[in-house]
Amino acid sequence: MHIRRNPLIRTAAAVTVALGLTAGVTACASDDNDSSTITIGSTEADKSQWKVFKEKASEAGLDVEVQGFTDYNTPNRALEDGSLDVNQFQHIQFLAQSNVESGSDLKVLGSTEIFPMGIYSKDAKTVEDIEKAGEVVIPNDNTNGGRAIFVLEKAGLVTLKSDDVVAPTPADIDTAKSKVKVKAVDASQTAVAYNDGAVAAINNNFMVAADVTPDDAIIKDDPDDPAAAPYINVWAARADDIDNEDYLKLVELFHDPDVQKAVQEDTSGSAVEVDKSQDELNQILEDTEEQFREQGTGE
């Protein structure tokens, strides 16, 4: 029987989350770390939110160390092999794909925020203007690029060859039936393209470089839409640790008003706080993993 994809996954494809992937690691957890120290992996360890967070953790009697990474693949491997206690850098869809491809069973500890994915232009102001422009620059990674394609699809600007795709790429677009073409570039270059006059999908990591905010987007996905649930950024932990009281305290502390104020400052106001139950988040993770398996990702 053919089963149509769960609409939770179909509409809008982190770091967060999301950045172009680069190689290399800034730091790894040290074997000399005191066992009482909680090591947290992040791709944005230099952000002011972590300074405020560490102060709150200290007040709560927790000793935390934030380890910085410069790519999106290593933090999950480090969590899996025990070099980290938890990590916080990715959204549910990225975690799901990582689990399926690596055979891991990392789980969601708690939620942080979600970021709208928007389409921006210095000249275009409407969907019709985007159509006249004829081309949209999108990130070339599956996470952000796929989400941008879904935003364009929802606006009627592109048509996909199939409904059965979790993270579409330009190859999944039916160009004959679409109103615009897409050009995939490194995520960091979308801001450059925008500044050069192109219509571009820009994720939160590069909004500052483009000098835009979510309010400037011509079109964007709705972070409150259930279809955007896989793009909730999360804390991740090993399956055996999701009931660890100290780790759960980290999630609670992240929602402290002072930490959230720092998050807004770090993200130019683009972060939308999300506070969902662990059970709900892990159900979204499980559903997303199943869709990746059905599509054949990781086989």
Computed, not fitted: 222 nm per-residue ellipticity of the chain from DSSP H runs ≥ 4 (each -39500 (n - 2.57)), nearest 500, equal to -10000 deg cm²/dmol
Rounded to the nearest 10 Å², the 1.4 Å probe accessible area of residue 268 is 50
Averaged per residue, what accessible surface does the range 144-299 expose to a 1.4 Å probe, in Å²? 45
Cross-link list 107/261; 122/177; 154/276; 179/261; 56/220; 122/179: which exceed 31 angstrom alpha carbon to alpha carbon? 179/261; 56/220
293, 147, ranked by accessible area, largest first (probe 1.4 Å): 293, 147
Roughly how much of residue 161 is accessible, in Å² to the nearest 10, using a 1.4 Å probe? 140
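The values are calculated or read from the model by the stated rules, or taken from the named source; none is laboratory data. Predicted, not measured: the structure shown is a model, and the values here were computed from it. SASA here: full protein model, heavy atoms, side chains in, ligands and nucleic acids out. Shrake-Rupley method; radii C 1.70, N 1.55, O 1.52, S 1.80 Å.
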